[in-house]
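Working notes, beginning with the structure itself.
The values are calculated or read from the model by the stated rules, or taken from the named source; none is laboratory data. It should be emphasised that the depicted structure is a prediction, and the values quoted were computed from it without experimental measurement. All Cβ positions, even for glycine, are placed from backbone atoms using ideal geometry, and neighbour counts span all protein chains on display.
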Amino acid sequence: MKRKRIVILFVALVLGVLAVSILLTPLRRSGSVSAAEDKPKGKLTKVFRREKQNKDEPLPDWVDQAFKKGKGHLKQGGREWSKQLIDVESELDVEIAEEDDLGETRVRVGQVFNGVPVIGGQLIIHEDANGVRETDGRGFSAARHVDTKPKLKAKDALDAAMKALGYKGKFSNEPQANLVILPNEMIEPKNRIGANLVYVVELLIEDGTEATARHFYYVDANDGSIVWHYDGMEYGTGSSMYNGSVTLPTRQVNGQYLIQDSTRGACPANFDPNLNDSNTPQATRDIISQGGNWTTDANQACDLQGCFFDNPSSQAIGTLFFNANDNWGDGSMYLRDGNGNGTGSTANRQTAAADAHFAAMQVWDYFANTYGRQGIDGAGYRMLTRVHYSRNLSNSEWNGKSAAFGDGNGSSIGPWTSLDTVGHETTHGLFEKALHIYSDSDHPLIYTLETAAFNESFADILGTAVEFYARERQCIPCPANPGPYRTCEQRSGVGSCLLGNYTLFEDQRFGQSVSRDMANPAVVTYNNVDYTAPSGHSNGTLQNKVFWLLAQTGTNSWNGVSVTGIGRAKAENIFYHALTNYLTYGGRAFASVRQATLASACADPPIGYGSGSQECASTGQAWLALGVPANEIDGSKFFVAQHYSDFLNRAPDQSGLDFWTNNINNCTPQPSSSKVSASTLLPPSSCRLSSSRPAIWSNACTNLRTATVLERQPTEARISFRSRSCVSVNFSPTHNKSGKA
């Protein structure tokens, strides 16, 4: 009986422990999830906006305290004078305040004078737990010289604006006249003297006709004259060749329309290398500096004799695309004579610009909306896109500053302005900005061997991503004859629409052929990388295949290795963050990208998916399927080819490559199972060479004093051998640019 009681008590105790455990499990899980969700991401936690309905209400305490800190900071050391302010207590009003989960507060304040807002006068005060970190923006000292008592009534200003417009229909808004100070510098940046007291009047027309517009009139508050006027609704339409009828971002200049985005790429002019180019006319600089991304007509010009390689220090900027109305292109093939000179209408010549400008907009939106990146440098880089580049050129390029697109041959190949082509070239620019590469500094572009290959592959991958992005968000009409390399789907209410795909540059070939097919690469395994005739595009297809395997849904087998696909969006995310967050300037082999993508995939959310995730494991499987080793020294062919380049400044001949490779003992790890766990994705970086290798290298390089490196880390091995160079040569890449599609 006693034993029975003990058993019962034991069972009860066990059940009690289990019950408590079960009860606590949700709490543990909840705490875990909460910790992940509460991890600082820069997410806004508080927002205050000063609107008309609360303009007379007191500021919330947290905003008031932050504003006081900011004003105190500006009062010290003449900071307010540096911002063209004298009395921050009376000249600044809070407009917006934001606080985020990183503990940072931003207060956006506007300039006022005698209670009248100053157009363009604005500062941003950045604060954290330690106080004010910095202030951005400026005021306008000219505002303090304006008499803020108007002679004209608001109603009279409304009448003056409506009379100037001459529209007889009904406005979509209720027009109002608001008193403001307009510095002359806001109208003309070079005119830094003076300001005017004006009424600003918005007249919105949405009647479905060509009169549709958003007019802004600045009416002099003393004499009723029109000081400034522009149409704020600046999206035109274009008949493109590859994308059908599209909406284009344009802007109005001196009564004409210009193919230039007014919002995307609006960076300061002094940071714009294309505006600073010696070939850019001053008149063009003055116009373009007021907007964003722009597209020009290169007029069949090029930058060097032969028109294939570009010279970023002296490029053919070309002429701006102006039009009397906001309709662009005719959607037809570019008409030209045998020398590539246009023979068609003005609209026909605009078609390539419509395609390129639309594609540039999609590229910007893809990176901005998917990753929050504003332009290739993340800081609003103003992109220059040049069409009609060279004569009958079937290619496109990135030159370190801008992208240029040829017209094709006029028969079987059309202009190189398709979505994936523009995305490809723009990604070359992103690649350089991400890795801090500059053609005129101590960080030049290295474009040789595997470095060239993975550079091209990143451009292929993200260019393809742009094509998917654009075609998923709007209907790109399916051509009457799409060809075997383009597919379409029927969408309710819109018709037959083109789908994104994993092939490159099929549009300019009218779907009849492709430049590259990610599913069917030219290089099917790492052992087939061709070093004797280096081709960045061809060798890059190896990495393209890695991406394709990863992007698929379901399980695919390649070279005996099974890869569980994770979907295209996740694959894009992994490769994008591998480039921007993990790949370094010194990466010289596919192994570098392998490590970078693993770091990206296996990182904790929100960047990655965690070290124990399927995404992490699948990334390793995809690289394994193509035979790419974990470390560049593990690849014997790369090891040999790199030293030929370092010592002899050339690629090896096939017999030499085979000879030296065969003298390296099994350097590539051979996993026993294709089911690789996350813990086995990064084996030790070592490679033991055969005992005959030092003797062979000594015979080949008579000046090599010692060659006793048997086991090294990759970088150490390269530095060790370079320090004992066999011949007196300066190591420099034979190519110094990328971007040829």
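In the condition set (1) crowded, with 20+ Cβ neighbours inside 10 Å; (2) farther than 18 Å from Asp272 by Cβ; (3) in contact (Cβ under 8 Å) with a residue 24 or more places away in the chain, Gly406 is compliant with all but (3).
Restricting attention to region 377-403, the residues being without any contact (Cβ under 8 Å) to a residue 60 or more places away in the chain and either surrounded by 24 or more Cβ atoms within 10 Å (Cβ to Cβ) or not assigned by TED's automatic domain parsing to the domain that holds Ser289 (or both) number 0.
Restricting to region 479-527, what's the tally of residues that are of a type in the set (A, V, I, L, M) and within 19 Å of Ala465 (Cβ to Cβ)? Residues meeting the conditions: 6. Candidates are the residues of region 464-484 that are part of a loop (DSSP other than H, G, I, E, B) and closer than 28 Å to His428 by Cα; the one that is nearest to the chain's Cα centre (by Cα) is Gln474. Of all residues in region 381-393, those being within 25 Å of the chain's Cα centre (by Cα) and of a type in the set (S, T, N, Q) number 1. Looking only at strands (runs of 3 or more DSSP E) that lie completely in region 115-224, which have at least 1 residues being at pLDDT below 85 and within 25 Å of Asn254 (Cβ to Cβ)? Hits in region 115-224: 116-128, 195-205, 213-220. Residue pairs whose Cβ atoms lie under 8 Å apart, separated by 6 or more positions or on different chains, with the first residue in region 325-341 and in contact (Cβ under 8 Å) with a residue 60 or more places away in the chain and the second exposed (fewer than 13 other Cβ atoms within 10 Å of the Cβ) and not hydroxyl-bearing (Ser, Thr, Tyr), are Asn325/Glu210. Of all residues in region 243-258, those that are touching a residue at least 24 places away in the same chain (Cβ under 8 Å) and on the phi > 0 side of the Ramachandran plot have Cβ atoms under 8 Å from Cβ atoms of residues that are part of a strand (DSSP E or B) and surrounded by fewer than 22 Cβ atoms within 10 Å (Cβ to Cβ), 6 or more apart or on another chain, in Gly244/Pro477.
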